Structure formats: C-alpha cells, structure tokens
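Beneath this line is the structure, given in structure tokens, with notes to follow.
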Amino acid sequence: MKKRSNAPIFWLLFGAGGMLSALFGTMLVFLTGIAAPLAWPFGPQFMAYPRVLAFAQHWIGKGFIFAVIMLFAWHAVHRIYHSLHDVGIRTGAGAKLVCYGGAMAITLIAAASLLAIGF
C-alpha cells in the first residue's frame with residue numbers, strides 16, 4: 001500500500017499564499033509604505049491608529065489580516081524550504097520542522113494577537 005503524503009496541504013497553503021501575495025501584496029506595500037507615510041492621495045488620517053484599530057477589531061478586518069499574515073508566512077516558508085536544496089543544505093525532517101513549525105508559530109501568534117485586541 002502506498003504511503004499517504006501531507007504534501008498537498010503544504011502546496012495548497014503555498015499556492016494560496018502566492019496568489020494572495022500576487023493579488024494584494026503590491027497594493028499593501030504601496031498603501032502602508034508609500035501612500036500612508038506621504039498622506040497621499042487619501043489624506044493624513046488614512047492610516048491613523050483609531051481607524052486601523054477599528055478595522056482590526058471588525059470580524060472582516062480580522063479575517064483579512066489573518067489570511068494575509070498566515071498565507072504569506074506559509075508561502076514564504078514553503079519557498080524557503082524548497083530553496084534550501086539549491087544552496088546545498090540537506091532538507092530532512094529537521095529543516096521541515098523548523099520551516100513549517102515557524103509558519104505554524106506565526107499563524108498562532110497572529111491569531112492570538114488578533115483575538116487579544118477584541119471585537
């Protein structure tokens with residue numbers, strides 16, 4: 001009997017994170033790194049703390065923030081894990097544990113942080 005693999009789960013998270021980063025990553029960099037600091041074109045209150053907190057406390061905002069953090073993290077660690085072979089590092093169980101354990105830790109910290117700010 002053939003051994004079942006958990007690879008499809010990691011490839012699903014990798015693909016979803018890649019798609020999300022392609023669709024939203026560039027715009028998030030623009031909004032948080034360029035538009036908000038320059039107060040252009042949305043004005044100086046665009047990324048003010050009360051507005052961002054209100055967004056993060058709403059269930060839709062929490063879901064969006066969680067999806068972005070979680071899927072970006074899983075996409076990044078999956079890419080790092082498969083790139084280790086290219087730079088000559090053996091990818092055994094330890095590398096898998098460090099990479100995917102790191103993504104799981106990021107996911108859990110994001111979830112706990114979002115729940116801690118309340119609704």
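Values in this text are rule-based calculations from the coordinates and carry no lab data. Keep in mind it's a predicted model, so treat the numbers as computed, not measured. We place every Cβ from the backbone using ideal geometry, glycine too, and count neighbours over all the protein chains shown.
Against the condition surrounded by 11 or more Cβ atoms within 10 Å (Cβ to Cβ) and assigned to a loop (DSSP other than H, G, I, E, B), how does M19 come out, does it pass?
no
Looking at the structure I just gave you, is I89 out of contact with any Lys or Arg (no Cβ under 8 Å at 6 or more places or on another chain) and surrounded by fewer than 17 Cβ atoms within 10 Å (Cβ to Cβ)?
So I89 fits the description; yes.
I need a count of the residues in the stretch 66-83 that are surrounded by 16 or more Cβ atoms within 10 Å (Cβ to Cβ) and over 14 Å from the mean Cα position of the chain (by Cα).
Matching residues across the stretch 66-83 total 1.
Look at A36 and say whether it is surrounded by 13 or more Cβ atoms within 10 Å (Cβ to Cβ) and part of a helix (DSSP H, G or I).
It is true that A36 is surrounded by 13 or more Cβ atoms within 10 Å (Cβ to Cβ) and part of a helix (DSSP H, G or I).
What number of residues within the stretch 99-117 are loosely packed, with under 11 Cβ neighbours inside 10 Å and within 17 Å of F14 (Cα to Cα)?
0
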